[in-house]
Amino acid sequence: MSIFSKLITLFRGTAHEAGAAVVDANALRILDQEIRDADNALGRARDDLATLVAKRRMLEKDLQGLADQVGRYEGSARAALEKGDEALALEVAQRISELETDIGVKTPQLADMRAAEERMHQTIAQTQQRVENLRREIDVVKVNDSVQRAQAAVASRGGSATAALGSAADSLKRIKERQAIADEKFKAAGELEDRRTGADLDAKLKAAGILPGHSSAKDVLARLKAPKEEPMPQLEAPRLQIEAQPVARDEKS
């Protein structure tokens, strides 16, 4: 095989793959259009059936008219024979023969038209049923396609969401670490300040109950348990007995 032939084959293969990809990507649109084409074909078939029914009814009326003419002419021929006019009766009989010939030709046509009408009824009904079934299947396919697209979107977004959550967790961890370091800094600064002012030593003495003016809980409890002391009786001050001295009277009085 020449290089040119191989290139042509390659081009045909590439065109087929591209065409198949386009068909697959637009499969639902193609199905919708095919359903519309089937509906249009059914519409034309119904029109043809209506035309066939109209022609069949016209033929039935025509045959009924011919049969009525044959009946009338037969009565006329009998009347002519009763009058003895055999020539007229023969002429009427000739007309009856022509009518019966016409009836004989058209009667099979009517049977064929009825059979064709029945076949068209069945074909249209079956095609309509197939179109309805196909339309329901297409609806199911559309729903499945929508669900799969939604699942694909969720899956693709889920990956980015997972990455975003991981990044958020890392950021939260770093924030907590910075806050913990800041808390330790504040504690260390407070401890240094207490050491500088001696507040830490006072706190230890206070906790041990050694700091003056401080009573621990145990001391308070012991004091409450101790019996109450009776109050000391108060001593009365000694009364000074002052005797009355007689007042000296004036001798002159």
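The values are calculated or read from the model by the stated rules, or taken from the named source; none is laboratory data. Keep in mind the model is a prediction, meaning the values are calculated, not measured. A quick note on method: Cβ atoms are made from the backbone with ideal geometry, for glycine too, and the neighbour counts reach across all protein chains shown.
When segment 53-69 is limited to residues that are among the aliphatic types (A, V, I, L, M) and out of contact with any Lys or Arg (no Cβ under 8 Å at 6 or more places or on another chain), the one that is surrounded by the most Cβ atoms within 10 Å (Cβ to Cβ) turns out to be 53. Can you run down the residue pairs with Cβ atoms below 6 Å, 6 or more apart or on separate chains, where the first is in segment 55-76 and within 14 Å of residue 103 (Cβ to Cβ) and the partner is among the acidic types (Asp, Glu) and assigned to a helix (DSSP H, G or I)? Pairs that qualify, where the first residue is within 14 Å of residue 103 (Cβ to Cβ) and the partner is among the acidic types (Asp, Glu) and assigned to a helix (DSSP H, G or I), are 66/102.
Note on segment 70-92: among residues that are surrounded by 16 or more Cβ atoms within 10 Å (Cβ to Cβ) and not aromatic (Phe, Trp, Tyr), the one that is nearest to the chain's Cα centre (by Cα) is 70.
For every residue, the table says whether it meets (1) in the same structural domain as residue 62 (by TED's automatic domain parsing); (2) touching a residue at least 12 places away in the same chain (Cβ under 8 Å); (3) in contact with a Phe, Trp or Tyr (Cβ under 9 Å, 6 or more places away or on another chain).
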{"site": "86", "(1), (2), (3)": "yes, no, no"}
{"site": "89", "(1), (2), (3)": "yes, yes, no"}
{"site": "95", "(1), (2), (3)": "yes, yes, yes"}
{"site": "100", "(1), (2), (3)": "yes, yes, no"}
{"site": "110", "(1), (2), (3)": "yes, yes, no"}
{"site": "131", "(1), (2), (3)": "yes, yes, no"}
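Only one entry in 72, 46 is under 20 Å from residue 118 (Cα atoms), of a type in the set (D, E, K, R) and either at pLDDT 80 or above or not in a helix (DSSP H, G or I) (or both), namely 46. Using the structure shown, decide if residue 153 is at pLDDT 90 or above and in a helix (DSSP H, G or I). The answer is no for residue 153.
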